[in-house]
Amino acid sequence: MAGPTSIEQLRKWLSEPEGTRLEFKEAKTRYDFEKLVDYCVALANEGGGTILLGVTDKRPRTIVGTSAFDEPGRTEAGLHTRLGHRIPVEEVQAPEGRVLVVHVPSRLPGTAWNHSGRFLKRAGDELTSLSDTELRAMFAEAGPDFSAQVCPEASLGDLSPLAIAHFREAWAKKANDARRLTWSDAQTLADAELTVDGHVTYAALILFGTRAALGRHLAQAELVFEYRSSEASGPAADRAEYREGFLLWHDDIWARINLRNDRQSYQDGLFRLELPTFDEAPVREALLNAIAHRDYRLGGSVFVRQYARRLEIVSPGGLPPGVTLENILDQQNPRNRRLAEALAKVGLIERSGQGMNLMYESAIKQGKALPSLAGTSIHEVRLTLSGTLNSPDFVRFIERLGAEKIRSFSTHDFLALDILRRDEELPPSLRTVIPGLVAAGAVESVGRSRGVRFILSRGVYAALGGKGTYTRKRGLDRATNKALLLKHIRDNATAGSQMEEFRQVLPALKRSQIQVLLRELRTEGSVHNVGTTRAARWFPGQGPGTPEIGTI
């Protein structure tokens, strides 16, 4: 979404035919959420587009207004939870009524969106499933999936029966189907599409291969772990090489990291609480991402380097096609689809690919720096997870909001809170989540119109014993700001006062906000200005023939 939808753009859409990029729904009082999800899937599969609620679908179209989805931020969070993609939901207040605008991005090359296993498209006024031919064409766009290809020289004897047994047990538990426990190794592999006509795929080797087999057929399917106690070059204090099926060592690598995983404490009232430097869930997600999305056509290994306060993971191959540093939280495009599907079957990753989102959310909730992809190139992905607890106050803030509210927050909700914590300005792309955060009691608005800004809420600051911090961030009320300006102007009545002085008096306000206050004082007859440029001076009282305020 490039920016907020203007009334002019809205009216332009009304005159266009409903087609490949637009979908109009009257939805005066309500609209079914599941149907909205389905239409998002269909539009994404057709290249993306816009859904407008509160508009008649027959031409000539008119705005009738809608009361559906009265909290757009929560609707957006629900769509993200259901589909794993960010779909901005925007509220536009037209003179005729409220219009809800849903901006649906396009699917990435080689992918197709689905809802509950249904790959949808539009057919006139109805929705229907994509044909097998259409799906095959979509999946072929990104080229062949390396992990789904057969390794010509490999056989079932190259796979570890123990690893296959672990996979079968986890799959049966995830599917709640005990019958799978009775399957043979061959049937398990075939039903998971990890063999093709009895031939072993590269995905099967990556998951179940013995050390000898990987050495012969896919030596780059290796992870090298190093622990470094300092930044000094030289041999690592600890080093381990994992070159066998991932399911044989994925618990061991976490146990090795956890050996030197100290805990950082913070005060919460009378209690002293602790957080681990490296939280298990985001670390496991980072490792899974490296294994599932690296480029196995390249010869390098995955490297994991643990330091006292950070974890670095470097994997061969850049980001998958269509995924960038800017959209990585909203777009997923698995490089090794067959491998990712197998990991999803046993619950290790979600098909929606929300691992990076989990890493961001965990860092924010624990008051740590956001995950960094600095150094990522077309040849490799570099991910750094920080373990330093930077903001204990924010950790307490998150806890005060309550577990139920936190569960309803999307990644973009957490990002907005983190930006406000750091006293930075919210980008336009995150302003859509603010109404939901205000409704949740996490955020308050300060100011009006173009001068509006947002801060964390009074209630949370009060719970944290930070009432003074809240007052400082919220700033003085309008009447107090005007009184301060008027006092300064009166104290300097002889020489007059200039804008730069006013900015010293009210450093928290922008120039435009101070101009508004001066206009109000002038309208009230309390002050007048001489001149209209940056050199303009302000004096107490109503002056004769006071000029317009102009540019001050």
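Figures for the structure shown
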{"item": "11 Å cut-off, amide nitrogen to a point 7 angstrom out along Glu524 Cα→Cβ, residues in the range 485-512", "result": "485-487"}
{"item": "Overall Cα dimensions of the range 110-162 - principal axes, largest extent first, Å", "result": "53, 25, 13"}
{"item": "Accessible-area value, Arg118, 1.4 Å probe, nucleic acids and ligands omitted, Å²", "result": "100"}
{"item": "Percent of Cα pairs exceeding the 15 Å cut-off, where the set is the range 334-387", "result": "59"}
{"item": "Cβ-Cβ FRET estimate between Glu96 and Leu127, R0 fixed at 35 Å, reported to 0.05", "result": "0.80"}
{"item": "Descending Cα extents along the principal axes, the range 156-287, whole Å", "result": "61, 41, 18"}
{"item": "Computed over the range 78-183, Kirkwood Rh from alpha-carbon pairs, angstrom", "result": "18.7"}
{"item": "Additional length obtainable on full extension of the chain from Asp238 to Ala212, 0.36 nm per residue less Cα span", "result": "7.0 nm"}
{"item": "Extension gain from Lys510 to Glu34, taking 0.36 nm per residue of separation minus the Cα-Cα distance", "result": "167.0 nm"}
{"item": "Förster radius 56 Å - calculated FRET efficiency between Ala495 and Arg382, Cβ distance, rounded to 0.05", "result": "0.45"}
{"item": "Diffusion coefficient, µm² s⁻¹, Stokes-Einstein with Kirkwood Rh over alpha-carbon pairs of the range 236-326 at 25 °C and 0.890 mPa s", "result": "160"}
{"item": "20 Å Cα-Cα threshold exceeded, pairs from Lys35/Lys173; Lys35/Lys121; Lys12/Lys58", "result": "Lys35/Lys173"}
{"item": "Surface/4 estimate of mean projected area, convex hull on alpha-carbon atoms of the range 32-146, nm²", "result": "8.0"}
{"item": "Cα centroid separation - the range 4-68 against the range 233-301, whole Å", "result": "45"}
{"item": "Mean projected area (nm²) of the alpha-carbon convex hull when the range 296-391 is viewed from all directions", "result": "6.9"}
{"item": "Kirkwood-based Rg to Rh ratio, the chain, C-alpha trace", "result": "1.06"}
{"item": "The range 334-389 versus the range 118-168: alpha-carbon centroid distance in Å", "result": "22"}
{"item": "About the Cα centre, charge dipole magnitude for the chain (Lys/Arg +1, Asp/Glu -1 at Cβ), debye", "result": "1920"}
{"item": "Where Rh is the Kirkwood radius over Cα pairs, Rg/Rh for the range 392-456", "result": "0.94"}
{"item": "Kirkwood hydrodynamic radius over Cα pairs of the range 283-348, then Stokes diffusion coefficient at 25 °C and 0.890 mPa s, in µm²/s", "result": "189"}
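The values are calculated or read from the model by the stated rules, or taken from the named source; none is laboratory data. Just so we're clear, the structure is a prediction, and the values are computed from it rather than from any experiment. Here Cβ is always computed from backbone atoms with ideal geometry, including for glycine, and neighbour counts include all displayed protein chains. The area values use the complete protein model at the heavy-atom level, side chains included, leaving out ligands, DNA and RNA. Shrake-Rupley method; radii C 1.70, N 1.55, O 1.52, S 1.80 Å.
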